[in-house]
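The values are calculated or read from the model by the stated rules, or taken from the named source; none is laboratory data. If you're wondering where the values come from, they're calculated on a predicted model, not measured in any experiment. Note that we place each Cβ from the backbone using ideal geometry, even for glycine, and neighbour counts take in every protein chain shown.
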Amino acid sequence: MTTTPRVGQAVSALRGVRTADGEPVDLYIDDAGLITELRPASPAPASPAPAAVEPAAVEPAAVDELTLTDWLVLPSAVEPHAHLDKALSWAATRAPYGDLLSAIEAWRHYVQTMTEEDVGRRARRALGMYLAAGFTAVRSHVDLLHDTEDPLRGVRAMLDLRDDLRDVLDLQICLLASYLVPDKLIEEALDLGVDVLGGCAHLAEDPAHETTRLLDIAQRRDLPVDLHTDEQLDPTMLSIRELAREVSARGMRQVTASHCVSLGSLGTETLSEVLDEVRAAGLAVVTLPITNLYLQGWQSPSPMPRGLPAVRELIAAGITVAAGGDNLRDPFNPVGRADPFETTSLLVTAAHLDARQALHAVTDAGREVLGLPAAGVRPGEVADLVAVRADDLLDAVAGPSGSRVVLRRGRVVASTSVDQRTAVDPGPVPTRRTA
Ligand SMILES: [Zn+2]
């Protein structure tokens, strides 16, 4: 049974939900949006209720309580690496199917005439998709359009959106500064109130010099850093080593290396050396399976190398690994559903993680990367939650139905109900308690 949630509704309890372990619980949330208590679920009326049962025998739910009997309740998801300024531009850019360089070419052509309104409109629409799917925190990179007349219009559009949606979700804006952008223009963009400094050191002629330049600026301004790092299959491209060395030497924190594709092509010995350096530096790594499985390997004879770092080895080395979607229907990736469970499913398929590891990468690890307090279903944690119609954790990680209720700090920010009928009677769903 369900009660219908309303967007904007403050919720004091979720009744009859199941945790990832399969335990049926009632979950209580205080006015500040923190989980206060989990109790074994109070008995729910049978559905449909037999006529013999007096309705009065069932305790009526308070208006601010939601009954979602047998729905799975999980921490809401984090997208640690999106490009909302590019999202949903596939059709408009007329990009060809192809590799990273052809995508960059199509994008460069498109941005010459792209307006601030266009960025804002596409990004807002994409964020609606993220929210409905269960994300309450997103870090989006935004291009500094250095070779156009108004280089900061993308940044302005994204900052406006961040401020406009402040009460709805955590949106962090990371400046994606090409190695061609002069310091002065980077500083101007950061002055607008950007949250994180990013760039692409491995594309520069001298990656070590570019890494130093970006870290200098970030350190001076005390900003977190999130660099596109080694987004290619060549195992000799390892600018992550310079990044790790510099970050260690400076004692910087909150530095993230995104993509790290070449880590997936290394021999065991080199890999373990690199991982030691990455761990010692306290770097977090963000893997982006959807875009990198699409972008990498177009020119390669089979067997096809895949665009992922050595995800299991990173996790085994004790390094924080978050996972995101990266591009959404733009020249860099024509597909994508803005759905954390698409990423988790790919992590199982392509990175060989189990369901819990995959969930961790799109929830807790993402919050760690973004520097957000823990969210989840444990007392004391923030009530940023997604309730999904799923049989169990693996069912959710594999890609659950669209029926979801999303809470941010205890308040409903999205509610989707899918009414599905087929000619095949699925029968009762077997209850499995673990993934
Ligand atoms: Zn990216």
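For segment 208-254, name all the residues that are more than 16 Å from the ligand (Cβ to nearest atom), within 18 Å of Leu176 (Cα to Cα) and surrounded by 22 or more Cβ atoms within 10 Å (Cβ to Cβ).
Once the filter is applied, which keeps residues that are more than 16 Å from the ligand (Cβ to nearest atom), within 18 Å of Leu176 (Cα to Cα) and surrounded by 22 or more Cβ atoms within 10 Å (Cβ to Cβ), segment 208-254 yields Glu210, Thr211, Leu215, Ala218.
Looking at segment 282-323, which of the residues that are among the hydroxyl-bearing types (Ser, Thr, Tyr) and either assigned to a loop (DSSP other than H, G, I, E, B) or more than 18 Å from the chain's Cα centre (by Cα) (or both) is nearest to Glu79 (Cα to Cα)?
The selected residue is Thr320.
What about Arg329, is it touching a residue at least 40 places away in the same chain (Cβ under 8 Å), within 16 Å of the ligand (Cβ to nearest atom), surrounded by fewer than 24 Cβ atoms within 10 Å (Cβ to Cβ) and over 18 Å from Gly402 (Cα atoms)?
yes
Taking the condition of being out of contact with any strand residue (DSSP E or B) (no Cβ under 6 Å at 6 or more places or on another chain) and not small (Gly, Ala, Ser), how many residues in segment 71-124 meet it?
26
May I ask you to verify whether Ala177 is more than 16 Å from Glu117 (Cα to Cα) and surrounded by 16 or more Cβ atoms within 10 Å (Cβ to Cβ)?
For Ala177, the condition - more than 16 Å from Glu117 (Cα to Cα) and surrounded by 16 or more Cβ atoms within 10 Å (Cβ to Cβ) - is met.
Does Leu353 count as surrounded by 21 or more Cβ atoms within 10 Å (Cβ to Cβ) and outside any helix (DSSP H, G or I)?
Taking the combined requirement at face value, the residue satisfies it.
Six or more apart or on different chains, Cβ atoms under 6 Å: show the pairs whose first residue is in segment 77-101 and touching a residue at least 40 places away in the same chain (Cβ under 8 Å) and whose second is within 15 Å of the ligand (Cβ to nearest atom) and of a type in the set (Ser, Thr, Tyr).
His81/Ser258; Ala82/Ser140; Leu84/Ser140
Which numbered condition in (1) more than 16 Å from the ligand (Cβ to nearest atom); (2) at pLDDT below 95 is the only one that Pro151 fails?
Against the list (1) more than 16 Å from the ligand (Cβ to nearest atom); (2) at pLDDT below 95, Pro151 comes up short only on (2).
Would you confirm whether or not segment 382-397 contains a residue that is modelled with pLDDT of 95 or more and part of a loop (DSSP other than H, G, I, E, B)?
Yes; the residues of segment 382-397 include at least one that is modelled with pLDDT of 95 or more and part of a loop (DSSP other than H, G, I, E, B).
Please enumerate the residues belonging to segment 65-124 that are in a strand (DSSP E or B), under 24 Å from the mean Cα position of the chain (by Cα) and among the charged types (D, E, K, R).
Selection gives Glu79 alone.
Given (1) in contact with a Pro (Cβ under 7 Å, 6 or more places away or on another chain); (2) outside any strand (DSSP E or B), identify the lone condition not met by Gln219.
Failing condition for Gln219: (1).
Report whether or not Ala374 is surrounded by fewer than 18 Cβ atoms within 10 Å (Cβ to Cβ), touching a helix residue (DSSP H, G or I) at 6+ places or on another chain (Cβ under 7 Å) and either more than 19 Å from Pro289 (Cα to Cα) or free of Cβ contacts under 8 Å to residues at least 60 places away in the same chain (or both).
Spelling it out, Ala374 is indeed surrounded by fewer than 18 Cβ atoms within 10 Å (Cβ to Cβ), touching a helix residue (DSSP H, G or I) at 6+ places or on another chain (Cβ under 7 Å) and either more than 19 Å from Pro289 (Cα to Cα) or free of Cβ contacts under 8 Å to residues at least 60 places away in the same chain (or both).
Among the residues in segment 82-89, are any surrounded by 15 or more Cβ atoms within 10 Å (Cβ to Cβ), over 21 Å from Gln296 (Cβ atoms), within 16 Å of the ligand (Cβ to nearest atom) and charged (D, E, K, R)?
Checking segment 82-89: at least one residue is surrounded by 15 or more Cβ atoms within 10 Å (Cβ to Cβ), over 21 Å from Gln296 (Cβ atoms), within 16 Å of the ligand (Cβ to nearest atom) and charged (D, E, K, R).
If you check Gly297, Gly193, which single one turns out to be within 24 Å of Gly366 (Cβ to Cβ) and either of a type in the set (S, T, N, Q) or more than 16 Å from the ligand (Cβ to nearest atom) (or both)?
Residue meeting the stated conditions: Gly193.
Is it the case, given these coordinates, that Pro340 is over 25 Å from Arg39 (Cα atoms), of a type outside the set (Lys, Arg) and within 16 Å of the ligand (Cβ to nearest atom)?
No.
Looking only at segment 226-275, how many residues end up being over 26 Å from the mean Cα position of the chain (by Cα) and of a type in the set (Val, Ile, Thr)?
3
Testing Leu263 on (1) within 16 Å of the ligand (Cβ to nearest atom); (2) farther than 24 Å from Pro334 by Cα; (3) part of a helix (DSSP H, G or I); (4) in contact with a strand residue (DSSP E or B) (Cβ under 6 Å, 6 or more places away or on another chain), one condition comes back false. Which one is that?
Every listed condition holds for Leu263 apart from (4).
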